There are 2 protein chains.
Amino acid sequence: MIHPITGKRDFIESLRGKRASFLLCMSNTKTANIEGITQAGIPGLLHLTPTLDAEFISLGEVRSLGSIAATPKGVPTPALITRAVHLLHPFCEIELIELGLEIAPQLEHFTMHTFGITPSNAISEGASIPAAEVFEKGIQFAQELHCKGEYIILGESVPAGTTTALATALALGYDAKEKFSSSFKNTPNNIRQSVIDQALAHVNESDDLFEILSHVGDNMLIFNAGLILGLQNRDIKVVLAGGTQMACVLLIINRILQMMEGELDSSKIALCTTKWVAEDTNSDIKALLEMNDFQVNAYYADFDFSLTSHPALKLYDEGEAKEGVGAGGALMYALINGITKEKITKKVESLLK
Amino acid sequence: MIHPITGKRDFIESLRGKRASFLLCMSNTKTANIEGITQAGIPGLLHLTPTLDAEFISLGEVRSLGSIAATPKGVPTPALITRAVHLLHPFCEIELIELGLEIAPQLEHFTMHTFGITPSNAISEGASIPAAEVFEKGIQFAQELHCKGEYIILGESVPAGTTTALATALALGYDAKEKFSSSFKNTPNNIRQSVIDQALAHVNESDDLFEILSHVGDNMLIFNAGLILGLQNRDIKVVLAGGTQMACVLLIINRILQMMEGELDSSKIALCTTKWVAEDTNSDIKALLEMNDFQVNAYYADFDFSLTSHPALKLYDEGEAKEGVGAGGALMYALINGITKEKITKKVESLLK
């Protein structure tokens with residue numbers, strides 16, 4: 001089952017049975033190198049997480065490191081979920097969007113879109129992103145995009161991305177404190193708060209929207225704001241497959257539209273996340289979505305690991321990891337195409353063997 | 001699972017979820033009339049095998065004879081496997097390529113490509129194929145081909161085709177002895193060797209490449225060499241769905257390219273066969289593939305009949321039949337589209353009832 005967070009079930013029901021292209025945005029922000037800021041990956045090698053995630057969802061194996069990314073606590077990457085869905089009910093293509101990686105994934109025969117974007121700095125030191133340029137690249141990509149599927153599921157892998165998203169929302173003047181999720185069950189709020197305070201200190205009162213984004217954002221947030229707006233005059237529906245980071249993309253779009261006095265045709269966009277994000281008591285994605293002037297349909301896929309006894313997977317149900325690599329959107333894709341929770345669970349388990 | 005024989009998993013993983021057109025090359029060589037040379041069909045009626053295979057994969061019934069082709073031992077044609085896959089996860093079209101048949105299949109509403117090619121003679125008496133012309137027809141077909149699918153799975157049904165393939169490889173100077181498969185568990189090497197010796201005696205030292213092929217080849221081998229080369233400047237990927245016969249197509253291409261000092265863009269081609277061929281101890285497809293100057297990704301579909309108790313199907317696991325009618329490629333198509341071994345097994349069983 002797919003449950004609405006905001007809006008009605010119509011959007012997602014209209015996609016039932018349709019085939020989707022899966023696009024993964026991969027980006028590094030040096031914010032992830034700050035000790036204790038994220039557990040989305042292997043300490044010291046956090047920059048590899050998007051690279052390994054891309055390899056794993058595409059091939060079922062990792063090439064840039066010996067084994068699949070797991071947190072120090074042993075929570076395996078949500079790429080497992082996305083790959084399991086791709087095995088059970090394949091996306092009609094997987095394409096990669098390279099938005100500043102230290103190490104490119106080792107993939108042949110897969111389309112990887114590159115834009116000459118470099119990894120961004122830690123927001124504590126000012127992200128130094130050419131924000132207007134990255135935004136333009138997102139728009140242009142959307143205008144030229146060739147999509148084989150009947151709609152797009154847009155996922156992301158950006159270690160420390162919830163921290164940059166929270167900083168961005170705060171810098172844009174949203175009352176977003178304690179509304180952003182984290183890969184931790186118990187968010188390390190001291191470290192996070194300190195990084196965010198430092199990030200916000202880089203923002204000047206006279207900064208315009210893109211100047212603010214250049215200090216506190218990450219490439220994925222800014223590029224996808226462009227991508228979504230670029231898709232507005234195309235006949236392609238897109239599901240933002242993620243949690244509060246994707247909600248932040250919408251918050252950025254909201255500010256851009258306010259600046260331009262524009263409106264959003266939200267009939268082409270929805271957000272879909274996991275149950276772990278939707279039910280997270282330490283964040284509030286619904287509140288974030290409701291801060292926009294426009295309404296967007298948002299959903300969560302009713303899937304958890306209650307049917308497994310695998311201890312690493314059980315950690316998801318305890319609140320670790322929660323989302324990423326398009327897991328929420330992938331679960332939606334499986335569920336609206338007749339794939340059961342049992343089948344998904346067994347397939348994820350088989351990938352851990 | 002799909003396992004590489006040569007190359008990496010990327011090519012086949014990039015096809016996951018994509019829809020394929022299935023093309024079946026059908027041809028008769030009178031080599032099949034030599035007693036004991038093949039068990040791919042009904043003794044005395046071996047020339048009917050491609051006709052019946054085409055009818056069965058397209059319609060699920062045979063029209064040109066009372067029942068489905070089976071060997072004297074009762075091994076049913078691998079067309080069963082291809083048909084089962086088409087029922088479970090349909091190809092987006094099946095098209096027939098008529099390369100010299102005694103009896104045309106009785107099919108309406110299916111596209112059958114004809115080229116005025118006649119069945120070839122027994123290679124023991126000289127095949128008498130207008131090889132350059134058949135090759136040209138393959139090139140031209142590729143250049144004009146309209147493919148509805150996102151890629152092509154190219155199968156074949158040519159009784160005695162492994163014998164003509166072996167003769168061809170030897171005549172082209174490859175060290176191919178004992179590397180070619182056969183429809184028999186225990187290849188009747190005496191008969192085969194005698195036929196091949198007679199075939200090779202037709203080749204003169206002064207013969208050029210196409211003259212050699214005209215003596216020892218079959219229409220499928222030569223046409224498909226043209227087809228593959230003709231697809232080089234088109235944006236269509238093709239999976240050669242077969243075993244050592246398809247490997248021989250590549251060996252022919254290799255000699256043509258050496259003659260023309262040309263190169264192959266192997267990013268558009270892969271080969272996919274069955275586990276029965278890949279694990280056959282009486283042949284060596286990997287060695288054949290490695291004789292080429294170019295590298296091609298080759299795979300086998302990890303499927304066997306371990307889940308059935310049907311005695312006719314169990315013969316496959318004992319080494320009879322092994323491949324044909326695109327079975328290896330069809331199994332790959334099922335597996336990369338989420339169809340399980342259990343489902344395929346049950347569907348094949350149901351077709352035998």
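Structure summary
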| item | result |
| --- | --- |
| Total residues in the stretch A:88-99, condition surrounded by 24 or more Cβ atoms within 10 Å (Cβ to Cβ) and over 24 Å from residue A:32 (Cα atoms) | 2 |
| Pick from the stretch A:72-92, criterion touching a Leu at 6+ places or on another chain (Cβ under 9 Å) and within 11 Å of chain B (Cβ to nearest Cβ), ranking: nearest to residue A:41 (Cα to Cα) | A:83 |
| Lone qualifier among B:35, B:13 - being more than 14 Å from chain A (Cβ to nearest Cβ) and either out of contact with any strand residue (DSSP E or B) (no Cβ under 7 Å at 6 or more places or on another chain) or not in a loop (DSSP other than H, G, I, E, B) (or both) | B:35 |
| Cross-chain or 6+ apart pairs with Cβ under 8 Å, the stretch B:336-348 first and within 14 Å of chain A (Cβ to nearest Cβ), then outside any helix (DSSP H, G or I) and aliphatic (A, V, I, L, M) | B:336/B:2; B:336/B:15; B:341/B:307; B:342/B:307 |
| Count of the stretch A:105-141 residues which are within 14 Å of chain B (Cβ to nearest Cβ), surrounded by fewer than 19 Cβ atoms within 10 Å (Cβ to Cβ) and farther than 30 Å from residue A:17 by Cα | 1 |
| Counted residues, the stretch A:264-310 - those being more than 20 Å from residue A:178 (Cα to Cα) and surrounded by fewer than 20 Cβ atoms within 10 Å (Cβ to Cβ) | 14 |
| Unmet requirement for residue A:225, which otherwise passes all of (1) surrounded by 20 or more Cβ atoms within 10 Å (Cβ to Cβ); (2) within 23 Å of residue A:38 (Cα to Cα); (3) hydrophobic (A, V, I, L, M, F, W, C) | (2) |
| Filter pass, residue A:102 being of a type in the set (D, E, K, R), away from every other protein chain (no Cβ under 14 Å) and surrounded by fewer than 23 Cβ atoms within 10 Å (Cβ to Cβ) | yes |
| Single condition residue A:234 does not satisfy, out of (1) buried (at least 18 other Cβ atoms within 10 Å of the Cβ); (2) in contact with a helix residue (DSSP H, G or I) (Cβ under 7 Å, 6 or more places away or on another chain); (3) at pLDDT 95 or above | (1) |
| Output for the stretch B:285-311, where each listed residue is part of a loop (DSSP other than H, G, I, E, B), touching a residue at least 40 places away in the same chain (Cβ under 8 Å) and either small (Gly, Ala, Ser) or under 18 Å from residue B:332 (Cβ atoms) (or both) | B:296, B:302, B:303, B:305 |
| Scan of the stretch B:19-30 for residues that are in contact with a Pro (Cβ under 8 Å, 6 or more places away or on another chain) and either polar (S, T, N, Q) or modelled with pLDDT under 95 (or both), ordered by number | B:27, B:28, B:29 |
| Neighbours by Cβ (under 8 Å, 6+ apart or cross-chain): first from the stretch A:52-65, at the interface with chain B (Cβ under 9 Å from one of its Cβ atoms); second assigned to a loop (DSSP other than H, G, I, E, B) and surrounded by fewer than 24 Cβ atoms within 10 Å (Cβ to Cβ) | A:58/A:107; A:58/A:110; A:59/A:107; A:59/B:9; A:60/B:9; A:61/B:9 |
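The values are calculated or read from the model by the stated rules, or taken from the named source; none is laboratory data. Treat the numbers as computed from the prediction; the structure is a model and nothing was measured. Glycine also receives a Cβ, built like all others from the backbone with ideal geometry; neighbour counts cover every protein chain displayed.
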